[in-house]
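Heads up, the thing below is written out as structure tokens.
The values are calculated or read from the model by the stated rules, or taken from the named source; none is laboratory data. Keep in mind that this is a model prediction, so the values were computed, not measured. So basically every Cβ, Gly included, is an ideal-geometry build from the backbone, and we count neighbours across all protein chains shown. These accessible areas exclude ligands, DNA and RNA; they are computed on the full protein's heavy atoms, side chains included. Shrake-Rupley method; radii C 1.70, N 1.55, O 1.52, S 1.80 Å.
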Amino acid sequence: MSNQRKRPTGEREEDDEEDDAEGIGQWERAYVDDRSWEALQEDESGLLRPIDTSAIYHAQYRRRLRMLSAAAAGTRIQKGLIRYLYIVIDFSRAAAETDFRPSRMAIMAKHVEAFIREFFDQNPLSQIGLVSIKNGIAHTLTDLGGSPESHIQALMGKLEAAGDSSLQNALELVHEHLNQIPSYGHREVLILYSALSTSDPGDIMETIQKCKKSRLRCSVIGLSAEMFICKHLCQETGGLYSVAVDEVHLKDLLLEHAPPPPAIAEFAISNLIKMGFPQRAAEGSMAICSCHKEVKIGAGYTCPRCKARVCELPTECTICGLTLVSSPHLARSYHHLFPIAPFDEVPTLASSNDPRRKLGKSCFGCQQSLLGAGNKPGPCVTCRKCKHYFCLDCDIYIHESLHNCPGCESIHRPKSVSLMEE
């Protein structure tokens, strides 16, 4: 016992640090690395202030919105309403790295799932397919389709990282699928790349030129360092190349690909597309589904041309090839062509003659109070046309989901309604 007590102080501190490192669990390391306690602030009385990230999030959102609005205001941009997108996910051994917790593979799967749902919400007439890269081979997880649940289910069932990555094999497989798309469809490829190299069987430069000739727009999001071949691919095909620095950045980069990109000028030709609007089948009716070749009762839609039964919309009839959509899908596809102008910010520090005190103290959207502590005006925005005031949450909801200003819609009423009221 006496020998242990006489140990030098330096050795004792080293042993204590090793014991602490061994005792820290995986969930504790996340907090240690984030060092979130450094963001805490004290008020005048010495109490901790709550961390409010809504203002920071709104400022980031408005910067992105202003950039998109400035780009769209300079010129008339033609965008494609029918997109055919293949998402290529790198599941090589580099995807098992833990710089993104718990791993790159888990983070990619998590945010690709959210991206698929957001993509179909903004592009209801478009289709997605999934391709994975593993052991130097490209595998087709799902073919082009409009069902988000089938894509997500197939992705979550194939989460395994192994072998090398081959960018050329992935491009060859995607080119084979997208080369059969009609001319009115916009062909896009989004690659999530984890590796720092590519093991290709041939000349990848020839494959890139083949993709460029077939009008494939290839974009790459890297999870490691920047690679010349990925940057060259995006420059040749007109896509975007970026490298994610953390999980939040990866999510933002993915969601930037949800709205339709500008169409290539030389290929932006207007086309008339024949579509069918099927009727929903009766609840008790029984028919064989043409897409799954199974007998189903009730749910489904009937093709107006060949009377075949399909499970969901939008889709393409497997019997006659007619594009089947619903009217809400068609209406939701047009909001990208007529975006809402960004709302103007109202200064937080307002005087006693603030016009908000005359027009009301609540948000026109959610009817929540716009006054903060001490009846002081809080942060809000105002529409340039109708001059109504909205809170920050309604501002985000209107521009990202609703795509219509409630104040402007309440003003523009039909003449017949106004005459009836008189």
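Brief remarks on what is shown
- Filter pass, K274 being basic (K, R), farther than 30 Å from I107 by Cα and in contact (Cβ under 8 Å) with a residue 40 or more places away in the chain: yes
- Filtered residue count, the stretch 258-279, keeping only those that are part of a strand (DSSP E or B) and at pLDDT 85 or above: 3
- Within the stretch 147-164, the set of residues being farther than 11 Å from V131 by Cα, open to solvent by less than 40 Å² (accessible area, probe 1.4 Å) and touching a helix residue (DSSP H, G or I) at 6+ places or on another chain (Cβ under 7 Å) comprises P148, I152, A161, A162, G163.
- Within the stretch 324-345, the set of residues being touching a Lys or Arg at 6+ places or on another chain (Cβ under 8 Å) and surrounded by fewer than 17 Cβ atoms within 10 Å (Cβ to Cβ) comprises L337, A341, D344, E345.
- Looking across the stretch 229-263, the residues that are polar (S, T, N, Q) and surrounded by 16 or more Cβ atoms within 10 Å (Cβ to Cβ) come down to T237, S242.
- S126 meets all of the listed conditions (1) open to solvent by less than 50 Å² (accessible area, probe 1.4 Å); (2) at pLDDT 95 or above but one, namely (2).
- Hits in the stretch 188-219 (condition: farther than 14 Å from S166 by Cβ and out of contact with any Ser or Thr (no Cβ under 8 Å at 6 or more places or on another chain)): L192, M205, E206, Q209, K210, K213, S214, R215, S219
- Residue in the stretch 291-302 that is modelled with the highest pLDDT, counting only those that are closer than 21 Å to L144 by Cβ and within 31 Å of the chain's Cα centre (by Cα): Y301
- The set of residues in the stretch 213-228 that are part of a strand (DSSP E or B) and open to solvent by 10 Å² or more (accessible area, probe 1.4 Å) contains only R217.
- Residues of the stretch 326-341 that are in a loop (DSSP other than H, G, I, E, B) and without any contact (Cβ under 8 Å) to a residue 60 or more places away in the chain: S326, F338.
- Qualifying positions in the stretch 169-204 - part of a loop (DSSP other than H, G, I, E, B) and polar (S, T, N, Q): N179, Q180, S183, S194, S197, T198, S199
- A162 meets the conditions (1) without any contact (Cβ under 8 Å) to a residue 24 or more places away in the chain; (2) not in a helix (DSSP H, G or I) in every case but one. The failed one is (1).
- Evaluated against (1) outside any loop (DSSP other than H, G, I, E, B); (2) farther than 30 Å from P328 by Cβ, A287 falls short on exactly one condition, (2).
- Top-ranked residue in the stretch 365-383 [being modelled with pLDDT of 85 or more and under 28 Å from the mean Cα position of the chain (by Cα); ranked as farthest from G407 (Cα to Cα)]: C380
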